[in-house]
1. I'd like the full set of residues that are surrounded by 17 or more Cβ atoms within 10 Å (Cβ to Cβ) and out of contact with any Ser or Thr (no Cβ under 9 Å at 6 or more places or on another chain), limited to the range 275-317.
2. So ALA96 fits all but one of (1) of a type in the set (Gly, Ala, Ser); (2) in a loop (DSSP other than H, G, I, E, B); (3) modelled with pLDDT under 95; what number is the exception?
3. (1) surrounded by fewer than 20 Cβ atoms within 10 Å (Cβ to Cβ); (2) part of a loop (DSSP other than H, G, I, E, B); (3) not basic (Lys, Arg): which one isn't true of ILE113, the others all being true?
4. crowded, with 24+ Cβ neighbours inside 10 Å, more than 28 Å from ILE70 (Cβ to Cβ) and within 21 Å of the chain's Cα centre (by Cα) - does that describe any residue in the range 254-269?
5. Here are some conditions: (1) in contact with a helix residue (DSSP H, G or I) (Cβ under 8 Å, 6 or more places away or on another chain); (2) surrounded by fewer than 21 Cβ atoms within 10 Å (Cβ to Cβ). GLY360 meets all but one. Which one does it not meet?
6. Looking at LYS51, LYS90, LYS45, LYS41, which is the one that is more than 27 Å from SER256 (Cα to Cα), among the charged types (D, E, K, R), out of contact with any Leu (no Cβ under 7 Å at 6 or more places or on another chain) and open to solvent by 20 Å² or more (accessible area, probe 1.4 Å)?
7. For the range 215-233, which residues satisfy the criterion of being farther than 20 Å from SER297 by Cα and among the acidic types (Asp, Glu)?
Amino acid sequence: MPVLVNALAATDEPQSADPPQSGYLPNHNLAPSTLAGFTKKWNLKFNSNEKLYSMPVVYTPSGSTQELVIIGSIQNVVRVVDSATGQLVKIRTLDAPYISSDSNCNDGATVGITGTPVIDPATDIMYLFSKGYMNGLAGPQGVANGAYKMWALHIPDLTVVPGYPVLIQGPASNDPAKYFNGGEILQRPGLTMIGDSIIAGFGGHCDSMNYTGVLLTVSKTTGQMQDQMAMMASPGSPWAPDLQAGKGGKAGIWQSGMAIAADLDKNRVFFATGNSDVNGDLGGINGAPHSGKVPISTLGQAIANIGVDPVSGKLTQQDFFVPVGYAKLNSGDKDFSAGGVSLLDPTVFNGGGVNRVALGTSKVGTLYVMDAENLGGYKQGPGGTTDGILQTIVPPKGSFYSGAGSYPAEGGYIYFCHTGAPLQAWKLTPDASGKPNFKFAGQSAFSVGCHGTPTVTSQNGVAGTAIVWLSDTTKGLIAFNAVPNGSSVLTQITVPGSGGLTKFHRPVFGNNNVFVTTSNHLIAIGGPKL
């Protein structure tokens, strides 16, 4: 059993952003005035072909004042770096990585660690998933021998916790015919925790295999897998026997790397699934209306609310939203899961009987504003032919390959951007019944690549200090005053140039520092420790 230590500095970021994925981080001593002293502090280059798909995490271990940056790579290498100097503190190579060609995939020569880890500050233990082979040896060994293992590593020395790594395998609890095969799927979303459970989502590995999206829980205490839920199950999605047929249900959970959103007060998680290969229980465009509170066996093209028992890790389907046009999205490969779910601050974004707002983005370019307590089911709008949600926002250009950020002060704002379009800010503007809606408030003066989710910081919530950040594929690290000016412009704040950055990442923060990645580089930009 892990030993409790109660570490964590106030300015750490031990998982991707915040647990509910609101994208608001007021705890990093950052304000527009502090950015004037920013410099590029260091730039570490790792092995050739060692891409960094996982985002770094920032952590100060118990009994220490040394802020550390920890990152894993597609070669299954984990590094611990001193955030102030860029000096390597510790390095560990896990099992040999999976060879991508075994899955007919060319997205990097290998696949190892691709989802962002999570650190439990109660124990100084970091949890992560690595892809390789069942025997831990080098490949290629074929897709059937591919495997995922969950590791628990002590920080900072990276020693393995007894009982780990855990081989992830076995049938889904909601459909024993849907069996976890590590070779055909990919662990992309950032991890989260509820109670004793580490929670992970899985989608397709280049969508070339017979797979279904999976949500699973593993016990921190025992290291045993607790539950596994297939997104596409029988009777709506029958078993498909051919491992390489590109069938199996699909509905992967990938979210462009955005973490699973956790509501820690109510022991539940929210996430998005991608396109499925059948219309399933809902019957497509001609299907009947269906309440999200009545479980279905096929959660393709959905925003899902899944309960997590904090002791046993048992997963329970509680609510869902599927847009009316989901069958058309399926046929066009327009994933709902191209962005994750953002749960907004319930003390600000509420009203008219709505206690919490959830945001979801899709590859088709639509942002969905939902009541987190009643997501919307299927065709629950007027006449039983429309979406029963709070608001649909359709900016004029592009697709989403990212989620949304938020700022719960100075009136309340949300932030998002389409690929190749400006970063936009929309302000909380309740409708006639007092329910949360949003109205365009401003945008950046230029377009961005936008393959990463906006993140907002402030100096401990002080008005006028909020900054909205992007880790952008074309513009690099960019920052803006979070409240648009009188001309509806998000004014840019100058920060040192980083060059174009890794897609599907968001900036990661420490104490007056920002950490970003590009290819096989980890970069620190910031000022002195405050």
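The values are calculated or read from the model by the stated rules, or taken from the named source; none is laboratory data. Since the structure is predicted, the reported quantities are computational estimates derived from the model, not experimental observations. When we count neighbours, we look across all protein chains shown, and the Cβ atoms used for this are built from the backbone with ideal geometry, even at glycine. Remember, those area values only see protein heavy atoms, side chains included, never the ligands or the DNA or RNA. Shrake-Rupley method; radii C 1.70, N 1.55, O 1.52, S 1.80 Å.
1. GLY287, HIS290, GLY292, ILE296, ASN305, GLN317, listed by residue number.
2. (3)
3. Condition (1) is where ILE113 drops out.
4. no
5. (2)
6. LYS41
7. Answer for the range 215-233, where residues must be farther than 20 Å from SER297 by Cα and among the acidic types (Asp, Glu): there is none.
Conditions tested, residue by residue: (1) under 20 Å from CYS450 (Cβ atoms); (2) touching a Cys at 6+ places or on another chain (Cβ under 7 Å); (3) modelled with pLDDT of 95 or more.
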site	(1), (2), (3)
VAL324	no, no, no
THR347	no, no, yes
VAL369	yes, no, yes
GLY405	yes, no, yes
